[in-house]
1. Can you tell me how many residues within segment 179-190 are crowded, with 23+ Cβ neighbours inside 10 Å and at pLDDT below 85?
2. It is to be established whether one or more residues within segment 322-333 are at pLDDT 95 or above and not in a helix (DSSP H, G or I).
3. Is it the case that F296 is in contact with a strand residue (DSSP E or B) (Cβ under 7 Å, 6 or more places away or on another chain) and closer than 24 Å to Y204 by Cα?
4. Would a scan of segment 316-330 turn up a residue that is in contact with a Gly (Cβ under 8 Å, 6 or more places away or on another chain) and more than 24 Å from Y67 (Cβ to Cβ)?
5. Of all residues being touching a Gly at 6+ places or on another chain (Cβ under 6 Å) and open to solvent by less than 10 Å² (accessible area, probe 1.4 Å) in segment 149-172, which is modelled with the lowest pLDDT? Just the residue, please.
6. Residue by residue through segment 232-258, note down the ones that are within 20 Å of the chain's Cα centre (by Cα) and over 18 Å from Y172 (Cβ atoms).
7. Has segment 242-257 got any residue that is open to solvent by less than 60 Å² (accessible area, probe 1.4 Å), among the aromatic types (F, W, Y), within 25 Å of L355 (Cβ to Cβ) and touching a strand residue (DSSP E or B) at 6+ places or on another chain (Cβ under 7 Å)?
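The values are calculated or read from the model by the stated rules, or taken from the named source; none is laboratory data. It should be emphasised that the depicted structure is a prediction, and the values quoted were computed from it without experimental measurement. Neighbour counts are summed over all protein chains in view; Cβ atoms, including those assigned to glycine, are modelled from backbone coordinates with ideal geometry. SASA here: full protein model, heavy atoms, side chains in, ligands and nucleic acids out. Shrake-Rupley method; radii C 1.70, N 1.55, O 1.52, S 1.80 Å.
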Amino acid sequence: MKKILVQIGLLTILGHLLASEKIFADDARVYKIGGSAGNVSGVGDSYQLGQDEDIAMTAEHVLITMYDDFYTVDAKFWLKHEGEAKTIAIGFPEHAGALEDFCSFVNGKKVEIAKYADNEAESELDWGASWYVKQVHFQKAQTNVTEIKYKSSRYGIVNSGLYFGIDGSLPYIYGTGKSWKGSIGKITIDIKNLSSKRYVTGFYFLQKQYGTYSSDGTSFKPISDAKVSFKWVSSNTFRLEAKDVEPDNAYDYLELELHNFEHQNVEWFLENYPGKTTINARCEFTKDFLKSDLCFFTENQLRLARNDFYALHGRSFKDKELKRFYESIVGYTVNKDYSDNLLSAEEKEIVSKVLEIEQQRKKELK
């Protein structure tokens, strides 16, 4: 897994930092996996990875919202100070201009940030090539809520030319929470997927794999674990939660495994299965993930998974969204003689199963 991350050099987030001369801690850090942990140097300041002995991270809440071509991050951190009053510098690194619309807040108020270059970064490809730094004051026994928001268009790609599989990955570093006092009290991560072409197929969290891809479904692991909870909180958002998290090291991470339905992903399929279309590939993908109950699919993605089998046989859709979606897919054609009887017994069974999952999801959200 780490080898894959090094190869793809993906955006990840979250971290905590201290200074050698001044007290330094960072609420969130973006990494490019494979870079070295160089010091952050600015005017008269030198920042190094360390640990704060007075401030504990009692909770963090991260919302990752996925769109077709970019994603946004809104992360909040509850930092409880148990010592005497002090002012610390809290930083967030940028990797080769990867962040857009970056802004930072303390207790709901937007704050000033200064940008520093990392003089020890050998190139722009090192993580932390430049840093956004803010000053935060803590009164004695005070809890501050810090927050960062940004946008990134850098989805990572692991494979290309495959018609389905793990095509991309979105890692999220939480291990740097070790730089705060004690364990991270509670981690809440909401994954809101508003994309029609980017599917979550599994995740890696707390050193365990859930929902890994396999052609026969045998490697799927149910999401029931004493350490991590999983639930849908809306039609397009699922939540992961863990309490009293003590990272093993600064690189412990959550990783979302993604599949992308784009033309480049079906070339291999079309070349090896003459006469087949992109819709066939979508249907095969759904078949493979039936054994995992399609548990990471949003309500809209489940709806598309079900209707893929009708589209495969040329059904004409009255619903405007479905009509627009399928007419945009290469290989979809309307069959004037369409009938539901054109679906095979297996296809009808799969459609029924997907519909069952949709209905169960809606019951759980009530």
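1. Going through segment 179-190 one residue at a time, the tally reaches 1.
2. No: segment 322-333 contains no residue that is at pLDDT 95 or above and not in a helix (DSSP H, G or I).
3. Against the criterion (in contact with a strand residue (DSSP E or B) (Cβ under 7 Å, 6 or more places away or on another chain) and closer than 24 Å to Y204 by Cα), F296 qualifies.
4. Within segment 316-330 (the criterion being in contact with a Gly (Cβ under 8 Å, 6 or more places away or on another chain) and more than 24 Å from Y67 (Cβ to Cβ)), the answer is no, since none of the residues qualifies.
5. By that ranking, first place goes to G156.
6. W232, S234, S235, N236
7. Taking every residue of segment 242-257 in turn, none turns out to be open to solvent by less than 60 Å² (accessible area, probe 1.4 Å), among the aromatic types (F, W, Y), within 25 Å of L355 (Cβ to Cβ) and touching a strand residue (DSSP E or B) at 6+ places or on another chain (Cβ under 7 Å).
A quick yes/no check of all residues on (1) outside any strand (DSSP E or B); (2) modelled with pLDDT of 85 or more; (3) farther than 30 Å from E82 by Cα; (4) open to solvent by less than 10 Å² (accessible area, probe 1.4 Å):
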site	(1), (2), (3), (4)
K192	no, yes, yes, no
S196	yes, no, yes, no
Q209	no, no, yes, no
T218	yes, no, yes, no
D225	yes, no, yes, no
F230	no, yes, yes, no
L240	no, yes, no, yes
